[in-house]
Amino acid sequence: MESRKAWEMTGKFPGLADVSISQDIPVEGEITVPVGSHSPDEDFSTLDEPVKDTIMRDLKAVGKKFVHVMYPKKSSALLRDWDLWGPLVLCVSLALMLQGGSADSKDDGGPQFAEVFVIIWFGAVVITLNSKLLGGTISFFQSLCVLGYCVMPLTVAMLVCRLVLLAGAGTVSFIIRLIVVGAMFGWSTLASTAFLADSQPPNRKALVVYPIFLFYFVISWMILTFTPQ
Amino acid sequence: MATADDLKFQANPDATTISIDEPVEIPKNQHSRLQEPGREEDDELLGTDDSDKTELLAGQKKSAPFWTFEYYQTFFDVDTYQVLDRIKGSVFPVPGKNFVRLYIRSNPDLYGPFWICATLVFTIAVSGNLSNFFIHLGKPTYHYVPEFRKVSIAATTIYAYAWLVPLALWGFLMWRNSKVMNIVSYSFLEIVCVYGYSLFIYIPTAILWIIPQKVVRWVLVVFSLCLSGSVLVMTFWPAVRDDNRRIAVATVATILLLHALLAVGCLAYFFDAPELDLPAPIIPTHNGTTVVTKSQ
């Protein structure tokens with residue numbers, strides 16, 4: 001209250017008599033805006049802590065986000081405290097697992113490492129730009145973070161596929177892989193939609209969700225068509 | 001001289017906020033209002049009014065400088081129902097109704113062309129791969145390959161078609177416009193929009209091309225070509241018909257030819273020739289395996 005009165009008084013405006021505030025209120029106080037609560041990091045410098053603490057803190061944040069993807073419900077952890085470590089780890093591991101496919105010639109095989117990388121990152125950037133251009137309120141890196149973390153079910157599916165392919169490559173294994181990849185594709189799409197759909201204008205939700213569907217469909221297709229040598 | 005109002009920093013309940021982007025709503029109103037019957041013969045006259053109005057509105061709408069994000073947001077100013085309407089209009093062309101006048105209404109969007117092209121790229125690549133898999137399924141020497149390289153080829157082809165051909169067509173129409181005063185003229189984005197939405201019919205066509213029958217595939221080619229070609233013809237015929245008759249016919253014929261070339265080229269490159277309709281003699285070899293002679 002004091003700051004408000006001080007703001008009014010220090011203007012030195014004539015015609016102050018029109019304002020119904022008595023003039024013998026003491027003019028004092030500070031114009032300070034109370035800052036929001038500090039995160040624990042800012043109370044002490046993180047420069048002096050052991051390296052293990054720094055790494056463990058980031059690892060815990062990444063791990064927490066993985067858990068949030070597994071049980072997708074509204075959480076600010078994924079959105080507010082975005083990071084791109086998780087998406088990077090997932091993308092690299094997915095691209096590595098997609099290596100070693102069979103190819104008669106270089107042109108006919110599965111995607112190369114760089115192609116998987118480019119598809120995932122370029123696809124995520126394009127989807128984020130699309131949602132921002134359509135009027136979405138989410139920030140650029142938050143959206144990248146969500147899309148990257150929601151690749152996790154598909155990475156799990158790739159792992160399962162490779163294990164199933166170790167056992168054999170017949171029709172039964174194909175049906176198992178189809179079911180697993182299909183389920184994980186649905187999970188990825190639903191998880192990312194749960195996080196991203198609320199930040200869109202209501203009459204354009206379908207326009208934003210469809211590219212996400214296409215993105216995870218392409219990744220699922222790459223996983224499903226992986227054939228070992 | 002400051003008044004009491006200057007000292008008030010609480011929200012004034014009497015104040016109203018005025019937003020300056022009202023003109024954006026005008027094209028949408030036109031979209032719902034102008035579905036009157038009997039527009040076919042008025043198309044030419046309405047073209048004049050519309051082109052005046054559309055240029056005025058276009059100038060009002062895209063007023064942000066091109067290096068700001070808001071400028072590009074004006075190209076994505078569509079709702080879900082509008083995109084679905086435009087897709088419907090490209091798949092079921094009504095004779096005599098101009099796609100641009102009826103659906104675009106000076107609000108060309110880049111959402112439709114971009115994502116329809118992206119979907120088409122992946123649909124063709126996936127369908128081609130699936131169809132080859134089914135065609136070669138029973139053979140002992142066949143080993144499935146994902147053929148991922150074809151995705152980049154498909155992407156280059158389709159995006160080049162959807163963006164370079166409109167550029168060339170727009171340049172050509174501008175050049176003819178300087179020589180012959182045409183009543184109807186389109187902006188570059190409207191042409192890109194028409195081409196993008198006219199490619200939509202190829203998405204279900206590509207999925208149906210998985211069926212390994214030559215007759216079925218060619219029937220599909222002709223059918224989709226008729227539908228999307230008619231959308232293009234009905235859009236561009238009013239723009240060139242005031243010109244020299246031979247140039248007008250040549251322009252429309254080139255548009256259709258390029259469209260057909262895209263369809264046939266995609267069918268030929270991504271989908272192997274089906275062999276099920278060519279009965280081949282079976283020659284048993286000496287070690288018992290059966291060799292089927294086939295023609296490519």
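Hey, A:K65 hits all of (1) at pLDDT below 75; (2) in contact with a Leu (Cβ under 8 Å, 6 or more places away or on another chain) but one; which does it fall short on? Result: A:K65 passes all but (1). For the condition of a type in the set (A, V, I, L, M) and within 12 Å of another protein chain (Cβ to nearest Cβ), B:I158 does not qualify.
Has region A:102-109 got at least one residue that is modelled with pLDDT of 85 or more and either within 13 Å of chain B (Cβ to nearest Cβ) or crowded, with 21+ Cβ neighbours inside 10 Å (or both)? Checked region A:102-109: no residue is modelled with pLDDT of 85 or more and either within 13 Å of chain B (Cβ to nearest Cβ) or crowded, with 21+ Cβ neighbours inside 10 Å (or both).
Listed conditions (1) free of Cβ contacts under 8 Å to residues at least 60 places away in the same chain; (2) surrounded by fewer than 16 Cβ atoms within 10 Å (Cβ to Cβ) are all met by B:M181, apart from (1).
May I ask you to say which residue of B:P108, B:P95 is over 15 Å from the mean Cα position of the chain (by Cα), part of a loop (DSSP other than H, G, I, E, B) and in contact (Cβ under 8 Å) with a residue 12 or more places away in the chain? Just a single option satisfies the conditions, and that option is B:P95. Restricted to region A:114-138, and to residues there that are free of Cβ contacts under 8 Å to residues at least 24 places away in the same chain and either more than 12 Å from chain B (Cβ to nearest Cβ) or among the aliphatic types (A, V, I, L, M) (or both), the residue that is surrounded by the fewest Cβ atoms within 10 Å (Cβ to Cβ) is A:A114.
Could we say that B:V78 is in contact (Cβ under 8 Å) with a residue 24 or more places away in the chain, in contact with a helix residue (DSSP H, G or I) (Cβ under 9 Å, 6 or more places away or on another chain) and not acidic (D, E) here? The answer is yes for B:V78. Residues in region A:171-229 that are assigned to a helix (DSSP H, G or I), in contact (Cβ under 8 Å) with a residue 40 or more places away in the chain, within 11 Å of chain B (Cβ to nearest Cβ) and not β-branched (V, I, T): A:R204, A:L207, A:P211, A:F215, A:S220, A:M222, A:L224. Any residue that is buried (at least 17 other Cβ atoms within 10 Å of the Cβ) and among the aromatic types (F, W, Y) - is there at least one of those in region B:93-109? So far as region B:93-109 goes, yes, one or more of its residues are buried (at least 17 other Cβ atoms within 10 Å of the Cβ) and among the aromatic types (F, W, Y). Can you work out which of the residues in region B:124-144 that are more than 10 Å from chain A (Cβ to nearest Cβ) and of a type in the set (S, T, Y) is nearest to A:F215 (Cα to Cα)? Step by step, filter region B:124-144, then rank; the result is B:S127.
Conditions first: (1) touching a helix residue (DSSP H, G or I) at 6+ places or on another chain (Cβ under 8 Å); (2) over 18 Å from B:I210 (Cα atoms); (3) part of a helix (DSSP H, G or I). B:T156 passes all but one, so which condition is the exception? Of (1) touching a helix residue (DSSP H, G or I) at 6+ places or on another chain (Cβ under 8 Å); (2) over 18 Å from B:I210 (Cα atoms); (3) part of a helix (DSSP H, G or I), only one is false for B:T156: (1). Against the definition (within 14 Å of chain B (Cβ to nearest Cβ) and on the phi > 0 side of the Ramachandran plot), how does A:G168 come out, yes or no? For A:G168, the condition - within 14 Å of chain B (Cβ to nearest Cβ) and on the phi > 0 side of the Ramachandran plot - is not met. Just name the residue that is surrounded by the fewest Cβ atoms within 10 Å (Cβ to Cβ) out of those in region B:235-250 that are β-branched (V, I, T) and within 23 Å of the chain's Cα centre (by Cα). Among those that are β-branched (V, I, T) and within 23 Å of the chain's Cα centre (by Cα), it is B:V249.
Filtered by the rule that a residue be surrounded by 17 or more Cβ atoms within 10 Å (Cβ to Cβ) and either within 9 Å of chain A (Cβ to nearest Cβ) or not in a helix (DSSP H, G or I) (or both), region B:67-78 gives B:F75, B:F76, B:D77, B:V78. Here B:V222 fulfils each of the conditions (1) more than 23 Å from B:L164 (Cα to Cα); (2) surrounded by 19 or more Cβ atoms within 10 Å (Cβ to Cβ) apart from (2). In the set B:L232, B:L208, B:L257, B:L189, only one residue is closer than 19 Å to B:I116 by Cα and surrounded by fewer than 18 Cβ atoms within 10 Å (Cβ to Cβ); that residue is B:L208. In the set (1) free of Cβ contacts under 8 Å to residues at least 24 places away in the same chain; (2) outside any helix (DSSP H, G or I), the condition left unmet by B:P212 is number (1). Here is the figure for region A:219-229: residues that are touching a Lys or Arg at 6+ places or on another chain (Cβ under 9 Å) and either farther than 23 Å from A:M70 by Cβ or crowded, with 20+ Cβ neighbours inside 10 Å (or both) total 3. If you check A:Y216, A:Y210 for being of a type outside the set (V, I, T) and surrounded by 20 or more Cβ atoms within 10 Å (Cβ to Cβ), only one passes: A:Y216. Among the residues of region A:27-60, the ones that are in a helix (DSSP H, G or I), modelled with pLDDT of 80 or more and not hydroxyl-bearing (S, T, Y) come to 9 in all. If the condition is being more than 19 Å from the chain's Cα centre (by Cα), surrounded by fewer than 19 Cβ atoms within 10 Å (Cβ to Cβ) and closer than 25 Å to A:L159 by Cα, then region A:180-207 contributes A:G182, A:A183.
Counting residues in region A:145-152 that are outside any helix (DSSP H, G or I), aliphatic (A, V, I, L, M) and over 16 Å from A:S199 (Cβ atoms) gives one or more.
Taking region B:77-126, which residues are polar (S, T, N, Q) and farther than 20 Å from B:A239 by Cα?
Going residue by residue through region B:77-126, those that are polar (S, T, N, Q) are B:80, B:82, B:90, B:98, B:106-107, B:119, B:123.
Across region B:77-126, the qualifying residues are B:T80, B:Q82, B:T119, B:T123.
The values are calculated or read from the model by the stated rules, or taken from the named source; none is laboratory data. This structure is a prediction, so every number in the text was calculated from the model and none was measured. Here the Cβ is made from the backbone with ideal geometry for all residues, glycine too, and neighbour counts use every protein chain on show.
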